[in-house]
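What follows is a single structure, written as structure tokens, with notes after it.
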Amino acid sequence: MAAENAGSVGPEAIAALPLNVKIRIHGGKTIVGGYQHFYELTESAAFIWRQIDGTRTVHDIGLLVAGEYDIDKESATQDVAELLTELAEHDVIKIRNDKS
């Protein structure tokens, strides 16, 4: 289910945090995980993580990343989609493709 879910992460997809997700900040590092997989996030990935609210689209988050890191919107949106795809493939986040 997660791989099918993750395979369609496009600009209008919306990420949400499942109830089982764990978040720890230790020694200035952000670590997130689900039941089986944990990830240490880079500074920019942690910024993206903090933008996941169940309402923002990948495109919305990409615009925030572009502004925060002074990069072009297309690259930022692609980077967001790639990170969210990886996290969704390992059930750390959930993706939906509609705003309902």
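Bear in mind that the values in this text are calculations on the coordinates, not laboratory data. In this text, all values refer to a predicted model and were calculated from it rather than measured experimentally. Glycine also receives a Cβ, built like all others from the backbone with ideal geometry; neighbour counts cover every protein chain displayed.
Points to keep in mind about this one:
- Three-way shape label, the stretch 2-93, alpha-carbon gyration tensor, a/c 1.5: oblate
- Anchor Lys29: aspartates and glutamates whose Cα lies under 13 Å away (excluding residues fewer than 8 positions away in-chain): Glu40, Glu43
- Rounded to the nearest 20, the size of the Cβ-charge dipole of the stretch 45-100 about its Cα centre is 300 debye, with Lys and Arg at +1 and Asp and Glu at -1.
- Whole-Å distance, taken between Cα centres, linking the stretch 56-100 and the stretch 20-36: 19
- ³J(HN,Hα), Karplus 6.51/-1.76/1.60, whole Hz, each residue of the stretch 72-80, x for Gly, Pro: 5, 4, 5, 5, 4, 5, 5, 4, 4
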